[in-house]
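Read through the structure below, which is laid out as structure tokens, and then see the notes.
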Amino acid sequence: MSTVVDLRSDTVTKPTAGMRKAMAEAEVGDDVYGEDPTVRRLEERVAAQLGKEAALFVPSGSMANMIAVRVHTEASDEVILEAMGHSYAYEAGGMAGISGVQARPLPTPDGLLSPEQVEAAINPKNAHFARTRLVIVENTSNRGGGTIYTPEHIERMKQLTERHELALHMDGARLWNAHVALSRPLDDFTQHVASVSVCLSKGLGCPVGSLLAGTRAFIERAHRFRKMLGGGMRQVGILAAAGLYALDHHLARLEEDHARLARLTGGLAQIPGLSVQPERHPTNIGFVELAPGSPDAKSFVERLRALGVLANATGTRSLRVLTHLDVDDASIERALDGFRRALA
Ligand code: TLP
């Protein structure tokens, strides 16, 4: 086994032997003809879990979000979202390129928008202004440090968006983590949003795959845009089988990732030269600040790499660390040791 501890993302996991077996044995058909029974099973199961009429299997979380924006908006509309939200910061400008919309990014300390903040950013209905049309909430928030929108918070957001006739989309790439961390049913989080995307390729450990869920009419339109973006796939039950396997075997275990992240951030907080606030990281994502006088984040990441620990620099002084299926208890000890030695 390699001794590298990879904390860069929960996307780096390798499919387990059990998952590979499920993939190899998957019953498949041509999904562009709607003939793949494994894809149908996954779509129906996830739609039911999220309390939505229908779901659509797509290659990536980015495509799921871009399709959602395309269905909810018209060109020149405005979309309100968090300033470091994935749809704004990490989708290659896709909402502008594909939907012709402009973003209204709102900064927050923890990745979570408040209804008051959103309300203040809604444009007046007046010919001068872009039509505010859509609000996106990211649950959990990646750059917020794995923070969670509670179902009650989302309900308040829904009351606001309803009052202003806006659509509400949830980027739920890591909604599974929120569900496990708060021990609340998935549909508690999604009952108040018009659409939600979820990823199988993050904490659940699949090699590929996301789903977009909403009303049947929403998913019919989404299906057309998936085709337009080249996301129609053929015998893709091989990948859907990985998703079904992950829901059975890798969902409940996310609490281990959360416990390990807490051990990691707790340990890092004890190391002089690092600043970490474990209480701000309730799931599997943490951020670490390097104290003034320490090396900058880029060279620190290089030192860590030489010691067999991988992390991403997210600013001149900050790093992101994640736990996942391929990080065990011993990895946490090795990572802590790596951070200590890299600072020495
Ligand atoms: N996030 C990746 C990077 O793109 C930043 C990561 O390593 O965290 N929504 C959220 C909240 C995400 O964090 C990501 C991936 C996506 C959507 C996009 O998923 P994919 O990579 O499947 O397009």
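The values are calculated or read from the model by the stated rules, or taken from the named source; none is laboratory data. What you see is a predicted model; the values in this text were computed from it and never measured. Please note: Cβ atoms are built from the backbone with ideal geometry, for glycine as well, and neighbour counts cover all protein chains shown.
For segment 37-130, which strands (runs of 3 or more DSSP E) that fit wholly inside it have 2 or more residues that are within 14 Å of the ligand (Cβ to nearest atom) and under 22 Å from Y245 (Cα atoms)? Steps first, answer last, please.
Numbers: elements: 54-58, 78-82, 102-106.
Correct list: 54-58.
Working carefully through the options G231, G214, find the one that is at pLDDT 95 or above, in the same structural domain as P185 (by TED's automatic domain parsing), touching a strand residue (DSSP E or B) at 6+ places or on another chain (Cβ under 6 Å) and away from the ligand (no atom under 16 Å from the Cβ).
Numbers: G231 fails: away from the ligand (no atom under 16 Å from the Cβ).
Of the residues listed, the single one that is at pLDDT 95 or above, in the same structural domain as P185 (by TED's automatic domain parsing), touching a strand residue (DSSP E or B) at 6+ places or on another chain (Cβ under 6 Å) and away from the ligand (no atom under 16 Å from the Cβ) is G214.
Would segment 39-49 turn up any residue that is over 25 Å from H249 (Cα atoms) and touching a residue at least 12 places away in the same chain (Cβ under 8 Å)?
no
Taking the stated definitions as given, is L239 within 16 Å of the ligand (Cβ to nearest atom) and part of a helix (DSSP H, G or I)? Full working, then the answer.
Values: within 16 Å of the ligand (Cβ to nearest atom): yes; part of a helix (DSSP H, G or I): yes.
Criteria met by L239.
Could you please give the count of residues in segment 296-330 that are touching a residue at least 60 places away in the same chain (Cβ under 8 Å) and either in the same structural domain as K202 (by TED's automatic domain parsing) or surrounded by 21 or more Cβ atoms within 10 Å (Cβ to Cβ) (or both)?
Of the residues in segment 296-330, 9 are touching a residue at least 60 places away in the same chain (Cβ under 8 Å) and either in the same structural domain as K202 (by TED's automatic domain parsing) or surrounded by 21 or more Cβ atoms within 10 Å (Cβ to Cβ) (or both).
Considering only residues that are in a loop (DSSP other than H, G, I, E, B) and among the hydrophobic types (A, V, I, L, M, F, W, C), look in segment 304-344 and name the one that is farthest from R143 (Cα to Cα).
First, pick out the residues of segment 304-344 that are in a loop (DSSP other than H, G, I, E, B): 307-308, 311, 314-317, 323-328, 344.
Of the ones still in play, those that are also among the hydrophobic types (A, V, I, L, M, F, W, C) are 307, 311, 325, 327, 344.
Details: L307: 26, A311: 14, L325: 20, V327: 20, A344: 28 Å.
Here the residue is A344.
Give the residue that is nearest to the chain's Cα centre (by Cα), with candidates limited to residues of segment 90-120 that are surrounded by fewer than 16 Cβ atoms within 10 Å (Cβ to Cβ) and aliphatic (A, V, I, L, M).
A92
Does any residue in segment 193-208 that is in contact (Cβ under 8 Å) with a residue 40 or more places away in the chain and within 14 Å of L50 (Cβ to Cβ) come within less than 6 Å, Cβ to Cβ, of a residue that is among the hydrophobic types (A, V, I, L, M, F, W, C) and part of a loop (DSSP other than H, G, I, E, B) six or more places away or on a different chain, and which pairs are these?
V196/L50; C199/A173; L200/C206
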